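The structure under discussion appears below in the form of structure tokens.
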Amino acid sequence: MSIVTTGFWNNSWKRFKKNKSALMGFILIVLIIFIALFAYVIAPDNTPNADMQTIEIQAKAPGYKQWFLKLEIKKPVVSSFYSSFINGKPSKFIYIPISSYKIDKDVLLINKYIDDGVTEEQRYSINELTNHYSKKINDCFILKTYWLGTDHLGRDILSRLIIGSRISLLVGLIAVLISLILGIGLGSIAGYFQGKIDACIMWLITVTWSIPTLLLVFAFTVATGKGFWQIFIAVGLTMWVNIARMVRAQVIEIKKLEYIESAKVMGFSNSRIIIKHILPNIMGPLMVLAAANFASAILIEAGLSFLGMGVQAPQPSWGLMIKENYTFIITNKAYLALTPGLAMMTLVLAFNLLGNGLRDALDIRST
């Protein structure tokens, strides 16, 4: 039995759809999730971690175009479709930036691009480049466009931005899941049983609450080491207390209602009452809090990566991208650091808009 009905959720959905800002946030989140899922399909640089470095074209402006000579790798690394989809595909070519080229009989003469106005002449056998003339010489050249420019190592910022979205979404998802599991479990037990159990759990909540979030994450990462999964778990372990407090308060209030007393009289077990009759009625506030925690987790991960305690290079993370390029802020190339910052701001704003929309839509006093 539950006081939450199908009609309540239908009415909540109708109210949510009328909230344009919340709907926009929801659409943005769905779009970013789609981009993250198909990151290596969408990204121009689909090599692992979008880490194809071309030092000669470092810190180029958005829209920069560059011609390259493709040199085929004799023994390229072969990866399966699944591996390529998840981790990217190792490049089959070495890309050499060029300013110009000319053909002299069976020799290709190129001017390798070093810097603006600086080139180096190199020679290549056309026979080898074309694999004994099995392909045309024109197929050995490619024009690349860097829509958001290149970073300090000559990597495509757009590609690293796309693949970095996976980190932000994953840290938010895992952190929220961990915080929900701990928060709901401890909060519901404390609120339902109260007494000494409640006192012990509230003591744990108070102690955890008193420790600054970054300090707690630092302690966890120092104890377990820097890494991909460590940072996710560390962030999750710092965000469960506000959920536990909210769940405890809601459970204390709901368990006084008549239908809970009826369930006890009918002989239902405590676990069944909590799971089937209490928790469904606090899903609204939980969804709102989960959306807010998702946004907070993204910012915490970015801050840790900026400080060098989060995701480690060459894995692309928006916070790490800001760290790698923040020195350009005082120059005319501030976009190198501002681009990942704007992406992060957009995602956090989307979750905040979604959370505000859910709060209004799930308020039973709304009309």
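The values are calculated or read from the model by the stated rules, or taken from the named source; none is laboratory data. Computed from a predicted structure; not experimentally measured. Because the Cβ atoms are built from the backbone with ideal geometry, glycine has one as well, and the counts that use them run over all protein chains shown.
Go through the stretch 314-340 and give me each residue that's among the hydroxyl-bearing types (Ser, Thr, Tyr) and not in a helix (DSSP H, G or I). Give the steps one after another, and end with the answer.
From the stretch 314-340, those among the hydroxyl-bearing types (Ser, Thr, Tyr) are 317, 326-327, 331, 335, 339; that's our starting set.
Matches in the stretch 314-340: 317, 331.
Name the residue that is farthest from residue 153 (Cα to Cα), counting only residues in the stretch 337-347 that are surrounded by 16 or more Cβ atoms within 10 Å (Cβ to Cβ) and in contact with a Leu (Cβ under 9 Å, 6 or more places away or on another chain). Talk me through it step by step, then tell me what you get.
To start, the set of residues in the stretch 337-347 that are surrounded by 16 or more Cβ atoms within 10 Å (Cβ to Cβ) comprises 337-341, 343-344, 347.
Still in the running and in contact with a Leu (Cβ under 9 Å, 6 or more places away or on another chain): 339-340, 343-344, 347.
Details: 339: 16, 340: 16, 343: 20, 344: 22, 347: 26 Å.
Looking at the filtered set, the residue picked out is 347.
Among the residues that make up the stretch 43-56, is at least one of them in a strand (DSSP E or B) and not assigned by TED's automatic domain parsing to the domain that holds residue 164?
Our first condition is that a residue be in a strand (DSSP E or B); within the stretch 43-56, this holds for none.
The answer is no, given that none of the residues of the stretch 43-56 is in a strand (DSSP E or B) and not assigned by TED's automatic domain parsing to the domain that holds residue 164.
Filter the stretch 204-258 down to the residues that are of a type in the set (Ser, Thr, Tyr), surrounded by 14 or more Cβ atoms within 10 Å (Cβ to Cβ) and at pLDDT 85 or above and list them by number. Residue satisfying the conditions is 208 alone.
Matching residues to (1) in contact (Cβ under 8 Å) with a residue 24 or more places away in the chain; (2) outside the structural domain of residue 165 (by TED's automatic domain parsing); (3) part of a helix (DSSP H, G or I):
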position	(1), (2), (3)
299	yes, no, yes
312	yes, no, no
342	no, no, yes
346	yes, no, yes
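Being surrounded by fewer than 20 Cβ atoms within 10 Å (Cβ to Cβ) and in a loop (DSSP other than H, G, I, E, B) holds for only one residue in 303, 308, and it is 308. Which condition number does residue 288 fail, the rest of (1) at pLDDT below 90; (2) touching a Gly at 6+ places or on another chain (Cβ under 8 Å); (3) surrounded by fewer than 20 Cβ atoms within 10 Å (Cβ to Cβ) being met? The failed condition is (3).
One residue is enough: does the stretch 119-130 have a residue meeting the conditions touching a residue at least 24 places away in the same chain (Cβ under 8 Å) and either assigned to a helix (DSSP H, G or I) or surrounded by 21 or more Cβ atoms within 10 Å (Cβ to Cβ) (or both)?
So the first thing to find is which residues in the stretch 119-130 are touching a residue at least 24 places away in the same chain (Cβ under 8 Å), and the list is 122, 124, 129.
Then keep just the ones that are either assigned to a helix (DSSP H, G or I) or surrounded by 21 or more Cβ atoms within 10 Å (Cβ to Cβ) (or both); that gives 129.
Yes, the stretch 119-130 contains at least one residue that is touching a residue at least 24 places away in the same chain (Cβ under 8 Å) and either assigned to a helix (DSSP H, G or I) or surrounded by 21 or more Cβ atoms within 10 Å (Cβ to Cβ) (or both).
If you take the residues in the stretch 107-118 that are surrounded by 12 or more Cβ atoms within 10 Å (Cβ to Cβ) and more than 14 Å from residue 144 (Cβ to Cβ), which one is farthest from the chain's Cα centre (by Cα)? Of everything passing the filter in the stretch 107-118, 107 is farthest from the chain's Cα centre (by Cα).
Annotation for the stretch 149-163: at least one member residue is out of contact with any Gly (no Cβ under 9 Å at 6 or more places or on another chain), within 17 Å of residue 60 (Cα to Cα), at pLDDT below 90 and surrounded by fewer than 20 Cβ atoms within 10 Å (Cβ to Cβ). The single condition among (1) of a type in the set (Phe, Trp, Tyr); (2) touching a residue at least 12 places away in the same chain (Cβ under 8 Å); (3) more than 30 Å from residue 311 (Cβ to Cβ) that residue 133 does not satisfy is (2).
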